[in-house]
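Nothing in this text is a laboratory measurement; each read-out follows from the coordinates by a stated rule. Just so it is clear, the structure is predicted and the values come from calculations on it, not from any experiment. For neighbour counting, all protein chains shown are included, and Cβ atoms are generated from backbone atoms with ideal geometry for every residue, glycine included.
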Amino acid sequence: MISGSRGSKQWLLTLPSLAWLGVFFVIPSILVVLTAFRPADLHGGVGAGWTMATIHELRDPAYLPILWRTVWLSGVTTLVCLVLAVPMTFQMARVGPRMRQWLLLLVIIPFLSNFLIRIFAWKSLLHPEGPLTRLLVWLHFISEDAMLLNNVGAVLLVLIYTQLPFAILPLYAAAEKFDFALLDAARDLGAGPWRSFSKVFVPGVRRGLVSAAVMVFVCSVGQYVIPQMVGGASDEMLGNKIAQRVFSDRNLPHASALAGGLMLAVLVPMLVVSIWQRFGRKEAS
Amino acid sequence: MDDFLVIDHVTKTFGAQRAVDDVSLAVSPGEAFSLLGPSGCGKTTLLRMIAGFERPDRGRILVAGQDITELPPEQRPVNTVFQNYALFPHLNVWENVAFGLRMGRRPREEIRSGVDRMLELVRLAEHARKRPAQLSGGQRQRVAIARALVNRPQVLLLDEPLAALDLKLRQHMLMELNTIHEQVGTTFIYVTHDQGEAMSLSNRIAVMNAGKVEQIDSPEHLYETPRSSFVATFIGDANFFTGKAVEMQHEGYVRVMIEGLGSPLVLSNGVVSSNQMLRLMVRPEKISLTLKRPLSGERVNAFPGVVEDSSYFGSHTRYRIRAGEHLITAQLQRSRFSGGEISPAHGTSVWMSFHPDEGRIVRLEDAA
């Protein structure tokens, strides 16, 4: 069959990327999971033999609030990023091609400077003597002794700032392909501007919404630099614990167990959602 | 209640260009009316103003006596069948048709029966659960019509409804549209650039050119008595001659002096005075060809010429005939050539003739 032979040839095209994923993603991930079942040795390496001890240590109730904080911070970040990005990309797709390129450039510009430097910039912005704090105090929005830095709010703010482009780019790709004549049709059929937007535009870019949500959530869950730099002592995310196990405790098996657990915590819900979506779609058609 | 949809001195400018220039027209209830013209003539802009997507700079639009000029599209008693149908890809056929009623927050039972009845009307009941992407072009169009009509609009706008279909399907949908119009009795406004479509779909046609309405008339009148050479060429083919009125006659005829051809006698339409420069139009199929000069004494205009070329179209043959600097197109059914069995070949000398009633005086314009 013609389509069959073409299909197998297309398979060949994906070989390089499959090989890349296999060597640099799948195998390391398996190694990480395997390491979790190894004993730690005293010099920060991995000992011989197998043990379940590290897995049992994960039941430490101290992890629970950290896991919960990681999930809700990532969840809120995802939600806020989508709420900001959907109307933004709607406008970007509607303006003329020149303006569109400028806006796209503005979204990408932050990537041109180093991530750490941008976090430092936020640190000085939010600092008690920083311009933002001074301005808000001067406007009487906050009191003189309010702290904008080193709390969970700062972590959330900087998370959203960092992740927003990752929501905008996939959503913009979807919005650009959206047929805006459909909005005319919706208005014509009695939907006001808001309902045309929510009933026709939002479903029209739902693939972009899903990839934006996955992108932002996954990238947020693994963060540890932001909580460390702008958060307080009680604002740690799971990433901070992993970093701590690696860099200060020198306990690789424990870090691996945490990382594996986090991976499962992200992958399982995603798998459930995608299976449910596929199943639901089959039933609808 | 004769004037149901009224366009009252409407003007719309985009930048320096007047897309619609002081247009006024009135459509009767239940009428099938076409806006016909070449691309860029302003017909689509006019349609979008009726639908509410554009706001006129000046003028008013009324439906059933209500001024809708300032209403947003969702509040107008008007629905549109869009050029590429603009069906919602994430909804199935049934949900697409139900969209308008749902937006109107109608009772569930009314939505169900209304949508079912409308799908019955456009014969798509068995496709109700399919997505638009799974339908053929003709089916998509019927969904678009059902989706608009289910809201019981007072005016249905159809933007180039047949442009996206292939020829066979187009002819079928022409009849289908006429049937649907008869069944629902709603006022239909078509926008089209295709004169054949406009002629077979509508009771009356407004021919538009450069933002203005050239003529509003029934298809027959537009074809038989076009008022301008633009209308004459846009609807059908035409031969034009520029000449001077030389002799007025009692019965409403005028003799026109045409340089290099002769002085045919034609209907004056009561618009001509002596010595006036004017333009004469004769349809190609109104011209007869004979080998011999037609009998004199008959009130017939006859001129000699030489066949330059001919094209055979099956149902008819077209000839190009040279008479001095004039190149005249004549269109004949084979049997009507009275010179015997053979068709006149290249280089044959022939006589062209037409009856005085078949000549039309049209407005003299710069553009031919």
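Coupling constants for segment B:178-190 follow from the phi torsions by the Karplus curve (6.51 cos²θ - 1.76 cosθ + 1.60, θ = phi - 60°), and in residue order they are 4, 5, 4, 4, 5, 6, 8, x, 6, 6, 10, 10, 9 Hz; glycine and proline get x.
For trypsin sites (Lys or Arg not before Pro), the sites in segment B:78-131 that DSSP calls loop and that have at most 13 other Cβ atoms within 10 Å are B:ARG105, B:ARG123, B:ARG129. Footprinting exposure proxy ranking of A:ASP184, A:ASP249, B:ASP166, fewest other C-beta atoms within 10 angstrom first, gives B:ASP166, A:ASP249, A:ASP184. For A:SER113, B:SER353, A:SER196, B:SER34, the sequence from fewest to most other C-beta atoms within 10 Å is A:SER113, B:SER353, A:SER196, B:SER34. For the Cα atoms of chain B, what angle does the longest principal axis make with the long axis of helix B:137-149, in degrees from 0 to 90, nearest 10? For B:137-149 against chain B, the angle is about 70 degrees. What does the charge add up to near B:ARG55, with Lys and Arg as +1, Asp and Glu as -1, over the other residues with Cβ less than 14 Å from its Cβ? Neighbour charge sum, excluding B:ARG55 itself: +2.
Starting from the coordinates of the alpha-carbon atoms of segment B:237-362, obtain the Kirkwood hydrodynamic radius over all distinct pairs and give the value in Å to one decimal.
Values: mean 1/r = 0.0671 Å⁻¹.
That comes to 14.9 Å for segment B:237-362.
Count, for each residue of B:160-170, the Cβ atoms from other chains sitting within 10 Å of its Cβ, then give me the mean as a whole number.
Details: counts 0, 0, 0, 0, 0, 0, 0, 0, 0, 0, 0.
So the per-residue partner count for this stretch is 0.
Partner lysines whose Cα lies under 25 Å from the Cα of A:LYS123, excluding those fewer than 8 positions away in the same chain, are identified as A:LYS241. Put +1 on the Cβ of every Lys and Arg and -1 on every Asp and Glu Cβ in the protein assembly as shown; which of B:ALA125, B:ASN301, A:LEU58 then has its Cα farthest towards the positive end of the dipole? After comparing all options, I get A:LEU58.
Once a ≥ b ≥ c are taken as the square roots of the eigenvalues of the Cα gyration tensor of segment B:22-70, is the result rounded (a/c under 1.5), prolate (a/b larger than b/c) or oblate (a/b not larger than b/c)? Let's see the in-between values first.
Numbers: a/c = 1.92, a/b = 1.13, b/c = 1.71.
Since a/c reaches 1.5 but b/c is at least a/b, the shape of segment B:22-70 is classed as oblate.
Rounded to whole numbers, the Karplus 3J(HN,Hα) couplings from phi for segment B:231-243 are 4, 4, 7, 6, 9, x, 9, 7, 9, 10, 9, 9, x Hz, using 6.51 cos²θ - 1.76 cosθ + 1.60 with θ = phi - 60°, and x at Gly and Pro.
Give me the dipole magnitude in Debye, nearest 20, for the protein assembly as shown about the Cα centre, with unit charges on the beta carbon: positive for Lys and Arg, negative for Asp and Glu. Walk me through the numbers on the way to the answer.
Values: 65 positive and 56 negative charges, 332 e Å.
Charge dipole, the protein assembly as shown, about its Cα centre: 1600 debye, nearest 20.
Size of segment A:1-104 from its Cα atoms: along the principal axes, largest to smallest, the extents are 62, 49, 28 Å. The GluC sites (Glu not before Pro) found in segment B:211-275 that occupy coil by DSSP, while having at most 14 further C-beta atoms within 10 Å, are B:GLU251, B:GLU259.
Using only alpha-carbon positions, what ratio does the radius of gyration of segment B:5-232 give when scaled by 2.2 N^0.38 Å?
This ratio for segment B:5-232 stands at 1.01.
Taking a Cβ cut-off of under 12 Å around B:GLU308, the surrounding Lys, Arg, Asp and Glu residues balance to a net charge of +2, with basic ones at +1 and acidic ones at -1.
What order do you get for A:SER220, B:SER273 when you list them from fewest to most C-beta neighbours inside 10 Å? Show your work: numbers first, answer last.
Working: A:SER220 26, B:SER273 10.
Ascending number of Cβ neighbours within 10 Å: B:SER273, A:SER220.
In terms of packing, defined here as the mean over residues of other Cβ atoms within 10 angstrom, the peptides B:55-65, A:19-29, B:184-194, A:115-125 line up highest first as B:184-194, B:55-65, A:115-125, A:19-29. Counting only alpha carbon atoms, the long axis of helix B:108-121 and the longest principal axis of chain B meet at about 30°. For peptide A:178-187, the mean count of partner chain Cβ atoms within 10 Å of a residue's Cβ comes to 6. Within a Cβ distance under 10 Å of B:LEU278, other residues only, what is the Lys/Arg minus Asp/Glu net charge? Around B:LEU278, the surrounding residues sum to +3. Computed from phi, the 3J(HN,Hα) profile of segment A:74-87 under the Karplus parametrisation 6.51, -1.76, 1.60 (θ = phi - 60°) reads 5, x, 5, 4, 4, 4, 4, 4, 5, 4, 6, 6, 4, x Hz, with x in place of Gly and Pro.
For B:ARG204, the residues whose amide H sits under 5 Å from its own are B:ALA32, B:SER34, ignoring neighbours fewer than 5 places away on the same chain, with H placed 1.01 Å from N. The shape of segment A:36-284 comes out oblate: with a ≥ b ≥ c from the C-alpha gyration tensor, a/c is at least 1.5 while a/b does not beat b/c. What do you get for GluC sites (Glu not before Pro) in segment B:1-84 restricted to DSSP loop and a cutoff of at most 12 other Cβ within 10 Å of the site's Cβ? Within segment B:1-84, the qualifying GluC sites (Glu not before Pro) (loop, at most 12 other Cβ atoms within 10 Å) are B:GLU70.
If you take the square roots of the eigenvalues of the alpha-carbon gyration tensor of segment A:136-285 and sort them as a ≥ b ≥ c, do you get rounded (a/c under 1.5), prolate (a/b over b/c) or oblate? Since a/c reaches 1.5 but b/c is at least a/b, the shape of segment A:136-285 is classed as oblate. Over the C-alpha atoms of the protein assembly as shown, the Rg to Rh ratio, Rh being the Kirkwood estimate, stands at 1.17.
What does the average come to when, for each residue of peptide A:188-201, you count the partner chain Cβ atoms lying within 10 Å of its Cβ?
Details: counts 19, 20, 13, 7, 5, 3, 0, 3, 3, 0, 0, 6, 6, 0.
Mean partner shielding for this stretch: 6.
Let's see if you can work this out: charge +1 on each Lys and Arg Cβ, -1 on each Asp and Glu Cβ, no other charges. What is the dipole magnitude of segment B:237-362 about its Cα centre, in debye to the nearest 20? Charge dipole, segment B:237-362, about its Cα centre: 60 debye, nearest 20.
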